[in-house]
Amino acid sequence: MQTAQKTVTTLKEHVVEILSDSGEGAQRCGQTLGAIAARTGNGIWTVEIIPAEIRPPARSIAGASGNRIRIGSTRVSNGGDETDLVVAFNEQVLLGRVRAGELKPGCTILLENMWRSHGDAAIAAAYAETHARLVEAGYRVLEIPMEQACRALVSDPRRGKNMFALGMLCNLYSLELQLAREQIALTFGKKDAAVVAQNVKLLEAGHEWAEANLDFKYVIPAKPVTAPQVVINGNTAIALGVLASGMEICAMYPITPATSASHYLSDVFEKVGGIVHQAEDEIAACAFAIGASYAGKCAVTITSGPGYSLKQEAIGLAVMGEIPLVVVNVQRGGPSTGQPTKVEQGDLMAAIFGSHGDAPKVVMAPSTIEDCFYSIITARRIAETFNMVVVVLSDASLATSQQPFARPEFSESWVAPPVDQSAIPEGMKPYDWNEATGLARRFIPGQPNGMHTLTGLAHDRASHVAYDPEVNEESIHFRSLKLAALQKTLKTPPVFGGDSGDLLVVGWGSTQGAIEEAVATLRAEGRKVSSVHLRFLQPLPGGLKRIMQRFRRVMTIEGNWSDRPDDAIIDEDNRRYSALALLLRARTLVDVDCWSEVRGEPIKPGTIRRVLLDALKPKAKERAR
Amino acid sequence: MTMMATECLLELCEQRHELEDYQSGVPRWCTGCGDNAILAAVQRLCRDEGLRPEKTVFVSGIGCSSRFPHYMRTYGFHGIHGRALPVAEGVRLARPDLTVFVNTGDGDCCSIGAAHWIHAIRYNMNMTVFLHDNQIYGLTKMQASPTSPRGTKSNTTPRGSTLEALQPLSVTLGVQNVSFVAQAVDWIPESLFEIVKAAYHHQGFSFVRIVQRCPEWLPKVWDPWLHDPKRILMLDHPQGMQVSDGLKQVYKNQLAHDPSNLDRAREIASDTDRIPVGILYRNPEVPCYEELRATPGLRTTAKLKQGLEAELDKFTFWPQ
């Protein structure tokens, strides 16, 4: 076997994609590559590319399934910009990505070449035509006989090509083969040793093939890790957060993209005495969790947009009865069924203002994978301290992305205390609201002297149904006051970048990494841009207005709809702002601008950079001055 | 020893409850409302069984029936329309030490909450459910309900309802895992109490449909049965409920029915001419969901920590 003359390029970072038809294992390949790079000490962020259907037709543009891995020499906080290198198992799945503008001009494509000589003339022709067009468009297309090489090792190359591709990629990115072998053993460890051996064989074959036939290699320098790291996606982090918070009951109904959190929890929860209850519908799941919480065990219900809509009445009941409850909404594209597998930040207003009447609840949004874990622990504590509903807004991007973070060290303070069964003191009422904070002791069945009927009707301190105007206003007053009491404990979020300047960007949720990357890039270019990222959306932390006032302009970057000011019909009388922008304008009376997109993909740092550069340009009015 | 015995005795005294210990407030139901009879039977049950008020929870939905918990001096949960059952299931799963009752109406259970009803039967969690079936929406002022007889004139069906009535007993008996189904009428307090008691003692989902009069909106709908005791079919069986001699004199139509016979129970339930009163079906062998899902061993922080660390280990890579 000849060894090709290699050009070795050292890179700061690279974005790699592996694409296949659904079921060909590209996702597994990508996740494993990410894990190997992370173990090497590279920063990584992986993003799943998921078709909306379970078995889309083979070789279809919409059927692309796979993984996108951004590998960096330092910490990586988001999926990055366009892709630098792609491995594709057929040319059709690649086309969708090309059309979506996801590939960098001139990007390297490692393309399965079995289709060129395919028995079906139409397929062969489609391949040849696409190949020619890709070359013409300037992509560096390398045709790889993956199928052929795998056939020498396995009877069904369709189930093994992914490990061959992994071997090629390990070679291309100079990753240690031994680490890859170990990772495969971890991944397939549940199955038998023969499966592991087979996959290792394919891995090694891919590695050898690349070594012998490809004339280039990359090195992305890594800093070996000094402390234990975990690599998980946001949904797994949420499930582990549920475990760590000491909650014992999760009631759910299947819904994309939230379900994988419940899948994982179903697998592990019982080992620590927890239960995942798959209810008959979303409403039942919420009501079940409320019943469990009322009975003394703070419960969680995990859902996504449509399910969140269905739960609204029950959430209002928890607010009215002051029952602690954690509701996780892994946001997807909306409205209605929308885009189940795609990312959007469209539920902020529904989370804050959902349910009829005045229904104050806490809304938090994790912004990293690590945050998904800790947010649940915090949410449980707030729920039980304030007897409130806490909504945790994750999204499809966090749900399926992986990023290493420091292994959590268990703390007993995370865990819910045992159910309080101490007697209620004589004369104490179930809603003895504290005049200053609105807080009252939580009455739990089993407590002697605490008997009362909790009701969703307006009620007085004794939980008696009351239609008295004063009583109604008093109860609404105290339920609202609890938000203020919580707000007093929140810290003003830190400013990323300088304390003052030309432009302040405010964001929330999964966009943090991309926003801060764009801000850092612009600051390195001498621009006076900073950002603030909000973890609490309801209540908002104090001090935001003072921060904003130190900047000439303030804008939000969000993944929900806002009107395009360029549209002829849009003016300041009818312009619909993005959700956070609208909230901040109301809260601070600062003229907060916004930019948003709803493409279903995570917002790219490069896109944000362009938006911010545009925002930094003096406006026509200012220029005239 | 003497000390301990005295303490035990004192505790016993403390735990003995009178009827008043379970009563709370003055029911705001209409005069003549069948709900009053149900309340009396249930309060008597609590006293006779010595249920600890702080360990007893009544869960309800919305409607006249669902005001029930307010009139009990126990823990109560008066929630939202149709969702009493899932709330009660959550209570039950979280706290197997509590005794759980559910009060629901024909609109609450058979219409807006019908999905939960079907699945609650399937879960078979240990709770006693009273379906207060008056065949009409009362609190919202007279609209036809799913159990309204065809032709019922109401505010939403001014020319008479057009659909056949849903039969709650037939529906319940048709669902997998059904374990206890009984029927009572509010105007025979003796059998009402006996049925409520049998339901309480059944381990599993005990479903009692109580034919309940609404004097306000459908005052005459049950008159044919009320005035003609022959149209009441008393179910009598050593394995079920035994009809007293006194009742036998009034309700001469009796049927020996073995409540373990599901097919026969379904036949009896489908009789719309007569009202069967008694236990239609009982199967103590159906497993309860909360027992199927129970996790072994005591939950401790140490166990939780161990479990979490084991999971984190799966995803951790350590410094080389």
- request: Provide the three semi-axes, in whole Å and in decreasing order, of the ellipsoid equivalent to chain B as defined by the square roots of 5 times the Cα gyration tensor eigenvalues.
  value: 37, 25, 21
- request: Apply the Debye scattering formula to region A:437-494, with a single equal point scatterer on each alpha-carbon and no solvent, then give log10 I(q)/I(0) at q = 0.30 Å⁻¹.
  value: -1.20
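Roughly what % of DSSP beta bridges within chain A run antiparallel, to the nearest 5? Mind showing how you got there, number by number?
Working: 27 of 81 bridges.
Of the beta bridges lying entirely in chain A, close to 35 percent run antiparallel.
222 nm [θ] for chain A, helices only, -39500 (n - 2.57) per DSSP H run of 4+, per residue, to 500? The partial results should precede the final answer.
Numbers: 21 runs with 233 residues, N = 625.
Helix contribution divided over all residues of chain A: -11500 deg cm²/dmol.
Determine the equivalent ellipsoid of region A:212-286 by diagonalising the alpha-carbon gyration tensor, then write out the semi-axes as square roots of 5 times the eigenvalues, largest first, rounded to whole Å. Kindly include the intermediate steps, with their values, before the conclusion.
Details: eigenvalues 280, 62, 18 Å².
So the equivalent ellipsoid measures 37, 18, 10 Å along its semi-axes.
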Size-normalised alpha-carbon gyration radius of region A:231-412, reference 2.2 N^0.38 Å: 0.91
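Going by how many other beta carbons lie within 10 Å of each one, how would you line up A:LYS217, A:LYS6, A:LYS361, fewest first?
Numbers: A:LYS217 17, A:LYS6 12, A:LYS361 25.
If I rank by nearby Cβ atoms, fewest first, I get A:LYS6, A:LYS217, A:LYS361.
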field: Label-reachable residues, region B:159-203, where backbone N falls under 19 Å from a point 7 Å from B:ARG150's Cα toward its Cβ
entry: B:159-171
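Convert 25 °C to kelvin, take the viscosity as 0.890 mPa s, use the Kirkwood radius over C-alpha pairs of region A:11-86 as Rh, and evaluate the Stokes-Einstein diffusion coefficient in µm²/s, rounded to a whole number. Working shown, then result.
Working: Rh = 12.6 Å.
The calculation lands on 195 µm²/s.
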message: Roughly how far apart, in whole Å, are the Cα centres of region A:348-372 and region A:132-199?
response: 42
query: What number, in percent, do you get for the relative contact order of region A:59-119 if the mean sequence gap of Cα pairs under 8 Å and at least 6 apart is divided by its residue count?
result: 38
task: Rounded to the nearest Å, what's the spacing between the alpha carbon centres of region A:583-598 and region A:209-285? Just the number, please.
output: 33
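Could you tell me whether region A:490-568 comes out rounded, prolate or oblate from its Cα gyration tensor? Rule is a ≥ b ≥ c as square roots of the eigenvalues, rounded for a/c under 1.5, then prolate if a/b exceeds b/c, otherwise oblate. Each step should come with its number before you reach the end.
Details: a/c = 1.40, a/b = 1.04, b/c = 1.35.
Note, shape of region A:490-568 comes out rounded.
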query: How big is the equivalent ellipsoid of chain A along its three axes, where each semi-axis is √(5λ) from the Cα gyration tensor, reported in whole Å from largest to smallest?
result: 47, 30, 21
message: Once you place label points 7 Å from the Cα toward the Cβ at B:THR272 and B:LEU163, how far apart are they in nm?
response: 1.3
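Let's see if you can work this out: charge +1 on each Lys and Arg Cβ, -1 on each Asp and Glu Cβ, no other charges. What is the dipole magnitude of the protein assembly as shown about its Cα centre, in debye to the nearest 20? It would help to have the intermediate numbers written out before the result.
On the way: 98 positive and 104 negative charges, 373 e Å.
Charge dipole of the protein assembly as shown: 1800 debye, to the nearest 20.
In deg cm²/dmol and to the nearest 500, what is the mean residue ellipticity at 222 nm of chain B if only DSSP H runs of at least 4 residues count, each as -39500 (n - 2.57), divided by the residue total? Present the calculation step by step, with values, prior to reporting the outcome.
Values: 11 runs with 107 residues, N = 320.
When only DSSP H runs of four or more count, the value is -9500 deg cm²/dmol.
With r as the distance between the Cβ atoms of A:SER336 and B:LYS141 and R0 = 35 Å, compute the FRET efficiency 1/(1 + (r/R0)^6) and round to 0.05.
Details: r = 34 Å, r/R0 = 0.97.
Once rounded, the FRET efficiency stands at 0.55.
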Farthest toward positive dipole pole in region A:372-493 [+1 Lys/Arg, -1 Asp/Glu at C-beta], among A:ALA399, A:ALA484, A:GLY450: A:ALA399
- line: Computed from the beta carbon distance with a Förster radius of 41 Å, FRET efficiency for A:ASP563 and A:SER480 to the nearest 0.05 stands at 0.85
query: Sorted from largest down, what three extents in whole angstroms do the Cα atoms of region B:221-320 have along their principal axes?
result: 87, 28, 24
message: From the Cα trace of region A:495-624, what convex hull volume per residue do you get, rounded to a whole Å³?
response: 115
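For region B:17-315, what relative contact order do you get, as a whole percent, if you take Cα pairs closer than 8 Å and at least 6 residues apart?
16
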task: Return the FRET efficiency for the residue pair A:GLU182, B:ARG264: r is the Cβ-Cβ distance, R0 is 60 Å, and the value is rounded to the nearest 0.05.
output: 0.40
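Could you line up A:LEU457, A:LEU439, A:LEU317, A:LEU110 from fewest to most neighbouring Cβ atoms inside 10 Å?
A:LEU457, A:LEU439, A:LEU110, A:LEU317
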statement: Among GluC sites (Glu not before Pro) in region A:504-537, those in a DSSP loop whose Cβ has at most 12 other Cβ atoms within 10 Å are A:GLU525
message: Under the rule of at least 5 residues apart or a separate chain, name every residue whose amide H is placed under 5 Å from the amide H of A:PHE216.
response: A:THR7
task: For A:GLU572 paired with A:SER413, estimate the spin-label separation in nm (one decimal), with each label point 7 Å from Cα along the Cα-to-Cβ line.
output: 4.7
- prompt: Other chains near B:296-305: what is the mean number of their Cβ atoms within 10 Å of each residue's Cβ?
  reply: 5
- prompt: Toward the positive end of the charge dipole of chain A, about the Cα centre and with charges on Cβ (Lys, Arg +1; Asp, Glu -1), which of A:ILE302, A:ILE49, A:GLN339 goes farthest?
  reply: A:ILE49
task: Distance between Cα centroids, region A:527-544 to region A:425-447: provide it in whole Å.
output: 34
message: How are the alpha carbon pair distances in region A:7-219 distributed across 10 Å bins from zero to the largest one, expressed in percent?
response: 9, 37, 39, 14, 1
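In percent, how large is the relative contact order of chain A, given Cα pairs closer than 8 Å and 6 or more residues apart?
12
Values quoted throughout were computed directly from the atomic coordinates according to the rules given, and no laboratory measurement underlies them. None of these values were measured; they are calculated from a predicted model. Every residue, glycine among them, receives a Cβ derived from its backbone with ideal geometry; neighbour counts consider all protein chains shown.
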